[in-house]
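Values quoted throughout were computed directly from the atomic coordinates according to the rules given, and no laboratory measurement underlies them. A quick note: this is a predicted structure, and the numbers were derived from the prediction, not measured. All Cβ positions, glycine included, derive from the backbone under ideal geometry; neighbour counts span all protein chains shown.
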Amino acid sequence: MENLMGLLRVHVLRGVNLAVRDVVSSDPYVVIKMGKQKLKTRVVKNNVNPEWNEDLTLSISDPNLPIKLTVYDKDTFSLDDKMGDAEFYITPFLEALKMRLEGLPNGTIVTKIQPSRENCLAEESHIVWTDGKLVQNLFLRLRNVEVGEVKIQLEWIDIPGSRGL
């Protein structure tokens with residue numbers, strides 16, 4: 001607990017144009033890993049454009065570790081099929097948090113992150129001041145698969161007694 005900086009809420013919104021792994025569709029779910037932590041969403045049956053709208057919360061002690069997102073197709077009689085993966089870092093988000101911004105108008109864009117080969121972004125990512133807090137919207141292009149993208153949103157949760165940013 002003494003090394004804990006805070007919590008990162010990962011709001012897994014939806015998948016877009018995911019790969020078909022069964023006969024005509026897929027039963028996708030998302031697994032998010034950071035270090036030894038592993039969290040997963042529910043399975044959405046027969047859908048290549050699933051809407052999860054689920055919050056997964058990671059405890060952050062080392063902000064330099066990558067967060068790995070993997071999409072799987074749930075299979076009944078065999079191992080689940082991998083439908084692609086993406087990796088991202090929370091460093092730009094934490095840098096924006098360190099600015100200690102207060103009182104900005106709703107919707108103010110604090111920072112923009114451009115897509116590159118290193119960050120798996122499908123489009124420009126904005127860190128935005130919304131309802132008195134910073135959120136980052138990410139549209140991640142999945143690697144190691146023919147098609148597919150996942151939209152997520154990051155939000156920081158301070159914990160009293162943590163070492164903070």
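Quick notes
- For the chain, the dipole from Cβ point charges (+1 on Lys and Arg, -1 on Asp and Glu) about the Cα centre works out to 200 debye, to the nearest 20.
- Cβ-derived FRET efficiency at R0 22 Å, E95 paired with R14, nearest 0.05: 0.20
- Residues whose placed amide H lies under 5 Å from that of G148, excluding near-sequence neighbours: L142
- Long pairs among K38/K151; K68/K133; K33/K151; K82/K112, criterion Cα-Cα beyond 22 Å: K68/K133; K82/K112
- Annotation: Cα Rg of the chain relative to the compact-globule expectation 2.2 N^0.38 Å equals 1.08.
- Calculated FRET efficiency for the pair R163/E102, C-beta based, R₀ 22 Å, to 0.05: 0.55
- Residue-span extension gain [R143 to V23] - 0.36 nm each, minus C-alpha spacing: 41.0 nm
- The GNM of the chain, with springs linking C-alpha atoms under 10 angstrom apart, assigns the highest mean-square fluctuation among R100, R42, R21 to R100.
- Phi-derived couplings, Karplus 6.51 cos²θ - 1.76 cosθ + 1.60 at θ = phi - 60°, listed residue by residue for the stretch 65-73: 6, x, 9, 10, 10, 10, 9, 10, 9 Hz, with x used for Gly and Pro.
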